[in-house]
Amino acid sequence: MVRRDGREVPCSKVLVAHRAPSGEVEFFSVIAHDMTERRSLEEQIRQAQKMEAVGRLAGGVAHDFNNLLTAISGYSDFLLRRLGPQHPLRKDAEEIQRAAARAASLTRQLLAFSRRQVLEPKVIDLNLVVTDMEKMLRRLIGEHIELATSLDPALGRVRADRGQIEQVLLNLAVNARDAMPGGGRVTIETRNVDLDAAYARDHVGIEPGAYVLLCVSDTGVGMDDETRLHIFEPFFTTKAGGSGTGLGLSTVYGIVRQSGGSIEVASEPGRGAAFKVYLPRVEGTAAPLAAPKPAGPDLAAGTGTVLVVEDEEIVRSLARRILETAGYRVLEAADPHTALEICDRFAGPIDLLLTDIVMPKMSGRVLAERVAERRPEVRTLFMSAYAEAAVAREAGGEDLAWIEKPFTVDMLTRKVQEVLALAKQR
Ligand SMILES: Nc1ncnc2c1ncn2[C@@H]1O[C@H](COP(=O)(O)OP(=O)(O)OP(=O)(O)O)[C@@H](O)[C@H]1O
Ligand SMILES: [Mg+2]
């Protein structure tokens, strides 16, 4: 149906017949209800469901890839240690390692999208994050593009992972740059907003409440509706020749959603784009910047027995190889039940349980409790790429040690040594 302003809109129509007292039809009238809003809501719900499904898929793929990548980078690490600096095969092993590192970074982005990466949320001041990054962003976008900021001095705090918010800003700024090959302006704005029930009704996935808005807008080429519908999907890109992987906005989407926020985009072809990130406002004072961790001590030869529990054979054998090389005695179990049997039967002491968190039948966390009932002296080190690790840690307090997959030979060796050294101090 065409409205008076000439715009065609989707409508629901009701035809009403008006009759004279005699019963004869005098005229018909049509009541048309503009369905634009409704459609857009349905569209949003469909979109949210699709993102949910794609997210699950991406998370599964990332999980399996992480195990494989742990093995690829671990074994190429071993190769490199054996091949001297002049060895003709050294370059090949280095290439394998480089490719594994690149794949690990893609996998991390997929995990971010599927909202399963490990976050370390703290109360932060977004204004500080923006000002701290300003110089770097300016360099990144180049001199042909102006960077303007408009930061609300009374801005509320949010609870988020600072590193991840930096990732969000970085991705949005790079996209803005790419949308303005001929120059233009990027504006980063922050302010407090209160979203009411009416707003929440029209926007899927957002609750009414107090938010902090972070808006990154540009004066670039913009995008049409069709593109706008797909931009958050992993691997969707309009950049030619492999110059984009299409994971930038997927990462942004995952981070924002995992932080309890939501993201919206407004754009028209030729009229720039504005990305609005809403993060829930929280009380509290912003945490100070964490000091960088000092480098670990030199590695001494390991002593003791480690029980490795991991359902992926390839990761299990790698862990065994790493730990044996470091001097530990290793016991292996492919599942929690076997691990408990070993605990019951093995005559000597077990110093450390190194276990995956996500396993079929019994989680690593439950396994750790069962092991502790049998052998209270055993320390536990969890390995996972998933947010479950963080959840498990929260449930068990700071005490819980874990290592992120994919890990390198050095990372695992150090971590095991650290956990065992802590145990000795007690
Ligand atoms: N500011 C913007 N203006 C216009 N189009 C944009 C903007 N930001 C994103 N897009 C569109 O969304 C697509 C997806 O963006 P996304 O950041 O996910 O991937 P990419 O930039 O193409 O690649 P990657 O970020 O992985 O290098 C882009 O290819 C582009 O078509
Ligand atoms: Mg991008």
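Readers should treat all values here as calculations from the given coordinates under stated rules, not as data from a laboratory. This is a predicted model, so every value here is computed, not measured. Here the Cβ positions follow ideal geometry from the backbone for every residue, glycine too, while neighbour counts run over all protein chains shown.
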Once Lys and Arg are counted +1 and Asp and Glu -1 for all other residues with Cβ under 13 Å from that of GLU268, the total becomes -2
If the cut-off is a Cα-Cα distance under 20 Å, which aspartates and glutamates reach LYS239, setting aside same-chain residues fewer than 8 apart in sequence? ASP178, ASP218, ASP224, ASP225, GLU226, GLU268
DSSP loop trypsin sites (Lys or Arg not before Pro) in the range 295-368 with at most 11 other Cβ atoms within 10 Å of their Cβ, which ones? LYS361
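What FRET efficiency comes out for VAL265 versus ARG82 if R0 is 41 angstrom and r is the Cβ-Cβ distance? Round to the nearest 0.05.
After rounding to 0.05, the efficiency reads 0.20.
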Looking at the chain, which longest stretch skips every one of the GluC sites (Glu not before Pro) that is in a DSSP loop with at most 13 other Cβ atoms within 10 Å, leaving the sites themselves out? 144-282
So if we plug the beta-carbon distance of ARG321 and ALA198 into 1/(1 + (r/R0)^6) with R0 = 56 Å, what FRET efficiency do we get, rounded to 0.05? 0.40
Using the Cα centre of the chain as the reference point, and only Cβ charges (+1 on K/R, -1 on D/E), how large is the resulting charge dipole? Debye, rounded to the nearest 20. 740 debye
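Under the 0.36 nm per residue contour assumption, what length would be gained going from the current alpha-carbon distance of ARG138 and GLU226 to full extension?
Difference between extended and current length: 28.6 nm.
If you place +1 on the Cβ of every Lys and Arg and -1 on the Cβ of every Asp and Glu, how big does the dipole about the Cα centre of the range 173-225 come out, in debye to the nearest 20?
So the dipole magnitude of the range 173-225 works out to roughly 240 debye.
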Please give me the summed charge of the neighbours of GLY55: other residues whose Cβ is under 13 Å from its Cβ, Lys and Arg +1, Asp and Glu -1. +3
Roughly what would the spin-label model give for VAL282 and ASP92, points 7 Å off Cα along C-beta, in nm? 5.1 nm
Taking a ≥ b ≥ c as the square roots of the eigenvalues of the Cα gyration tensor, with a/c under 1.5 meaning rounded and otherwise prolate when a/b exceeds b/c and oblate if not, the chain is prolate
Cα-based helix-to-principal-axis angle, 336-345 vs the chain, degrees rounded to 10: 20 degrees
Determine the calculated [θ] at 222 nm for the chain from helices alone, applying -39500 (n - 2.57) to every DSSP H run no shorter than 4 residues and normalising by the residue count; nearest 500 deg cm²/dmol. -14500 deg cm²/dmol
Taking LEU422, LEU68, LEU126 and counting other beta carbon atoms within 10 angstrom, the fewest-first order is LEU422, LEU68, LEU126
To the nearest 0.05, what FRET efficiency results for ARG191 and VAL61 with a Förster distance of 30 Å applied to their C-beta separation? 0.20
For the range 201-259, with the dipole built from +1 on Lys and Arg beta-carbon atoms and -1 on Asp and Glu ones, taken about the Cα centre, which of VAL204, SER243, LEU229 lies farthest toward the positive end? SER243
Theoretical gain in end-to-end length, GLN47 to VAL16 [0.36 nm per residue, Cα-Cα removed]: 7.6 nm
Expected unfolding gain across ASP410-SER29 under the 0.36 nm per residue rule, minus the alpha-carbon gap, is 129.3 nm
